[in-house]
Amino acid sequence: MTTLHPAMPLMTRINVDRHRAALNVFMVIVLAHWAEHIVQAVQIWGLGRPRPEARGVLGQFFPWLVTSEWLHYGYAIVMLVGLWILRTGFVGRARTWWMIAFGIQVWHHLEHLLLLLQSITGSHLAGKPVATSVAQLVAPRVELHLFYNTIVFVPMVVAMYLHMRPNAAEYERMRCSCKASAR
């Protein structure tokens, strides 16, 4: 592991000295979001609640959160920024998988941006009564978000697995704090 001078740019410090800690914080955020979607799915398919009443955990206490496009867009941005910021700590195969997750999240973010713009303007896609993403024209929102979260999460997990188990060439190229426990 390289020890950096405190005056080094924050992005460099995050992807070298603090990469493991930053990945852990990012994964807590990702897993908390997953938990919300899983609880919502259990509420719908396990407990038989109507979709408007399936609000996840936070939505039970703050129902307006579930219907707030700002909240969903905010999370999409956090994911996009997190994936982008942490990318330079990855090398080789892990970097490829991480960037696949980033690419998918770009689309997911654009879908949320479209939803947010519709909720702000009141003009909905395809004459729908509520804000609707492009993919929602063919799939229901709850299922769609489970799908999106899955197809972003899987390559992230693959990337982290490969990051912690680099081949010899990747290990030599690693500069981050994860190197100490890799292999």
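Assorted remarks:
- Only listed residue being in contact with a helix residue (DSSP H, G or I) (Cβ under 7 Å, 6 or more places away or on another chain) and modelled with pLDDT of 95 or more, chosen from L115, L86, L65, L144: L86
- Selection of region 153-177 for residues being part of a helix (DSSP H, G or I) and buried (at least 17 other Cβ atoms within 10 Å of the Cβ) yields F153, P155, M156, V158, A159, M160, L162, H163, E170, S177.
- Subset of region 11-64 (residues that are small (G, A, S), surrounded by fewer than 19 Cβ atoms within 10 Å (Cβ to Cβ) and more than 22 Å from L146 (Cβ to Cβ)): A21
- In region 50-67, the residues that are free of Cβ contacts under 8 Å to residues at least 60 places away in the same chain and assigned to a helix (DSSP H, G or I) form Cβ pairs under 8 Å with partners that are of a type in the set (D, E, K, R) and surrounded by 14 or more Cβ atoms within 10 Å (Cβ to Cβ), at six or more places apart or across chains, as follows: L58/E36; G59/E36; P63/R55; L65/R55; V66/R55.
- Test: A180 is loosely packed, with under 14 Cβ neighbours inside 10 Å, in contact (Cβ under 8 Å) with a residue 24 or more places away in the chain, out of contact with any strand residue (DSSP E or B) (no Cβ under 8 Å at 6 or more places or on another chain) and within 23 Å of A21 (Cα to Cα): yes
- Given (1) closer than 25 Å to H163 by Cα; (2) of a type in the set (A, V, I, L, M); (3) modelled with pLDDT under 90, number of the condition V30 does not satisfy: (3)
- Selected residue (only one of A94, A131 is touching a Leu at 6+ places or on another chain (Cβ under 6 Å) and in a helix (DSSP H, G or I)): A94
- For the criterion of being closer than 30 Å to Y171 by Cβ and out of contact with any Cys (no Cβ under 8 Å at 6 or more places or on another chain), L83 passes.
- Selection status of F147, within 26 Å of I44 (Cβ to Cβ) and either loosely packed, with under 15 Cβ neighbours inside 10 Å or in contact with a His (Cβ under 6 Å, 6 or more places away or on another chain) (or both): yes
- Exactly one residue out of L31, L110 is free of Cβ contacts under 8 Å to residues at least 24 places away in the same chain, more than 30 Å from E170 (Cα to Cα) and in a helix (DSSP H, G or I): that is L110.
- For region 115-129, the candidate set comprises residues that are free of Cβ contacts under 8 Å to residues at least 12 places away in the same chain and surrounded by 13 or more Cβ atoms within 10 Å (Cβ to Cβ); within that set, the residue that is farthest from E69 (Cα to Cα) is H124.
The values are calculated or read from the model by the stated rules, or taken from the named source; none is laboratory data. None of these values were measured; they are calculated from a predicted model. Note that we place each Cβ from the backbone using ideal geometry, even for glycine, and neighbour counts take in every protein chain shown.
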